[in-house]
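Here is the structure we will look at.
The values are calculated or read from the model by the stated rules, or taken from the named source; none is laboratory data. Quantities reported herein were computed from a predicted structural model and do not represent experimental measurements. Note: ideal-geometry Cβ built from the backbone for every residue, glycine included; neighbour counts use all protein chains shown.
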Amino acid sequence: MSFKILHIIDVFLPDTMNWLERLLDETKEDCEHHIYAEYYISPLTRKYKFVDAGIPSSYPIPLFSKLKARLVHSGISKILLQYIQQHKIQLVHFHFGHVAIKFKNWIQKTELPFCVSLYGFDYEYLVYQNPQVKSEYLLLSKLGGQFIVEGKYSKALIGNYGIPNDKIHIVHMLFDREQQKSIVPYAIPIRLFQAATFTEKKNQLGLINALRDKHASRFIISLYGEQPDKSYFAEVKNAASKQHKHCIRIHDGVDLKQYLQLISQTHFSINLSRRSQLHDTEGGCPVFIKDSLNLAKPAIGTSHCDIPELIANGFNGFLLPENDSSAVSELLDQLLLVTQRQYTQLCMNAEETVKTNIQQNITRQELIHVYQCML
């Protein structure tokens, strides 16, 4: 069965959101994909068909662009109605909960089956900021919407909002990155790498603040990512400057090729996720952790959202309590005692954790199942 699908998203970030393109790649043999992005960051890829109605913008989205989007929203709705008729679209796939809420009136006009993928801040942050979001999610469900999450934790959370269990589907977002895998020699300095936007929930500060004098010159810490939260990024840079005895490298985001190379060259990938003060969370498990395991890199994470489904402490990486600086410091001590043999086993276990599911293309199977349920 072949599907014609319109994907609707607010911002298309070619590098940061490379997982979206890979999600489409997984099902390109089964689906004809079309994309509408309210904002897009140039240059815009033409790998898939884009609705030429989005607003070119920088990132973070400036206020002027947001005001413009509000003014043209009703007109965009008409353009999209015409588009789905012209291209005989069968299904609509919204990416992020707030996008689906914004288009709830449009959904009723199309009468097309639709699904909503949740990824991060739309799990708890939106609900914390506006409790009415729960009612909006329930309305989407009553309109026939199916919800896509990443794991058991996130499925239970959405279920607690009142969404029927049979309308919540898990899609694991595991991708074969086709990158050469290698086990690097384990030696000091130990390389720790994180690729994530600089935000409180990604908790770059947690790693920097856990460093002690005894760790000086023993680690190289590389932090890559966009800086949508300028205040938090300033905190990170300030904290790093105070840790002048340590090698802490802070960089902008990188393209997919560089990203995969950096994972391949590191000893450990690290993502000390935490719930922010405003209840922003990962929701599921960062694709960065999944990519790292796929490339045979042990991952260091926290008991946050769906992350414990992927990281088994001491087997394919290390799982720490959320927001526990002393636990991070103790783990750094432990990493200095790891032998090459132990490290090699961690790497082999990391790859084995996701190998079978990736080989069986579980992401494609799960997503196609959702689309089939919608028709």
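Here A239, A216, A234 are screened, and the one residue that is of a type in the set (A, V, I, L, M, F, W, C) and closer than 28 Å to V11 by Cα is A234.
Scanning the stretch 175-195 for residues that are under 20 Å from L256 (Cα atoms), in a loop (DSSP other than H, G, I, E, B) and not hydrophobic (A, V, I, L, M, F, W, C) yields D176, R177, E178, Q179, Q180, K181, S182.
Scanning the stretch 240-275 for residues that are within 21 Å of T302 (Cα to Cα) and part of a loop (DSSP other than H, G, I, E, B) yields a total of 7. Inspection of the stretch 128-135 identifies no residue that is in contact with a Gly (Cβ under 8 Å, 6 or more places away or on another chain), surrounded by 18 or more Cβ atoms within 10 Å (Cβ to Cβ) and among the charged types (D, E, K, R).
Put simply, of T266, T363, T353 the only residue that is among the β-branched types (V, I, T) and farther than 15 Å from D176 by Cβ is T266. Going residue by residue through the stretch 266-273, is there one that turns out to be surrounded by fewer than 22 Cβ atoms within 10 Å (Cβ to Cβ) and either among the small types (G, A, S) or within 16 Å of the chain's Cα centre (by Cα) (or both)? Within the stretch 266-273, not a single residue is surrounded by fewer than 22 Cβ atoms within 10 Å (Cβ to Cβ) and either among the small types (G, A, S) or within 16 Å of the chain's Cα centre (by Cα) (or both). When I163 is tested against the conditions (1) part of a loop (DSSP other than H, G, I, E, B); (2) touching a residue at least 40 places away in the same chain (Cβ under 8 Å); (3) in contact with a Leu (Cβ under 8 Å, 6 or more places away or on another chain); (4) not assigned by TED's automatic domain parsing to the domain that holds S303, the lone failure is (2).
Go through the stretch 197-239 and count every residue that is among the aromatic types (F, W, Y) and either assigned to a helix (DSSP H, G or I) or within 17 Å of F121 (Cβ to Cβ) (or both).
Quick first cut of the stretch 197-239, residues among the aromatic types (F, W, Y) only: 198, 219, 224, 232-233.
From what's left, either assigned to a helix (DSSP H, G or I) or within 17 Å of F121 (Cβ to Cβ) (or both): 198, 232-233.
Total meeting the criteria: 3.
Of all the numbered requirements in (1) of a type outside the set (V, I, T); (2) in contact with a Phe, Trp or Tyr (Cβ under 9 Å, 6 or more places away or on another chain); (3) surrounded by 21 or more Cβ atoms within 10 Å (Cβ to Cβ); (4) outside any helix (DSSP H, G or I), S154 misses one, and that requirement is (4).
Against the numbered list (1) surrounded by 13 or more Cβ atoms within 10 Å (Cβ to Cβ); (2) over 27 Å from M374 (Cα atoms); (3) under 25 Å from the mean Cα position of the chain (by Cα), P62 comes up short only at (1). What pairs can you find where one residue is in the stretch 197-224 and modelled with pLDDT under 95, the other is buried (at least 20 other Cβ atoms within 10 Å of the Cβ), and their Cβ atoms are less than 6 Å apart, with a gap of 6+ or different chains? The qualifying pairs are T197/G225.
Got at least one residue in the stretch 74-92 being β-branched (V, I, T), assigned to a loop (DSSP other than H, G, I, E, B) and either at pLDDT 90 or above or assigned by TED's automatic domain parsing to the domain that holds G151 (or both)? Checked the stretch 74-92: at least one residue is β-branched (V, I, T), assigned to a loop (DSSP other than H, G, I, E, B) and either at pLDDT 90 or above or assigned by TED's automatic domain parsing to the domain that holds G151 (or both). Screening F103, F121 for residues that are under 23 Å from the mean Cα position of the chain (by Cα), farther than 19 Å from G283 by Cα and in contact (Cβ under 8 Å) with a residue 60 or more places away in the chain leaves exactly one candidate, F103. Entry remark, the stretch 283-317: residues being free of Cβ contacts under 8 Å to residues at least 24 places away in the same chain and surrounded by 23 or more Cβ atoms within 10 Å (Cβ to Cβ) number 2 in total. Scanning the stretch 232-258 for residues that are surrounded by 18 or more Cβ atoms within 10 Å (Cβ to Cβ) and either modelled with pLDDT under 95 or at positive phi (or both) yields one hit, G253.
When only residues in the stretch 276-322 that are polar (S, T, N, Q) and assigned to a strand (DSSP E or B) count, which is farthest from I148 (Cα to Cα)?
Of the stretch 276-322, the ones polar (S, T, N, Q) are 276-277, 281, 292, 294, 302-303, 313, 316.
From what's left, assigned to a strand (DSSP E or B): 302, 313.
Numbers: T302: 23, N313: 27 Å.
Ranking the qualifying residues of the stretch 276-322, first place goes to N313.
I'm checking my understanding of the structure. Among residues of the stretch 92-124 that are of a type in the set (S, T, Y) and buried (at least 20 other Cβ atoms within 10 Å of the Cβ), which one is farthest from I307 (Cα to Cα)? Walk me through it before giving the result.
To start, the set of residues in the stretch 92-124 that are of a type in the set (S, T, Y) comprises 110, 117, 119, 123.
Next, from what is left, pick out any that are buried (at least 20 other Cβ atoms within 10 Å of the Cβ): 117, 119, 123.
Working: S117: 18, Y119: 13, Y123: 15 Å.
Per the stated criteria, the residue is S117.
For the stretch 6-36, the set of residues classified as under 23 Å from D252 (Cα atoms) and out of contact with any helix residue (DSSP H, G or I) (no Cβ under 6 Å at 6 or more places or on another chain) consists of V11, F12, L13, P14, D15, T16, M17, L20, E21, R22, listed by residue number.
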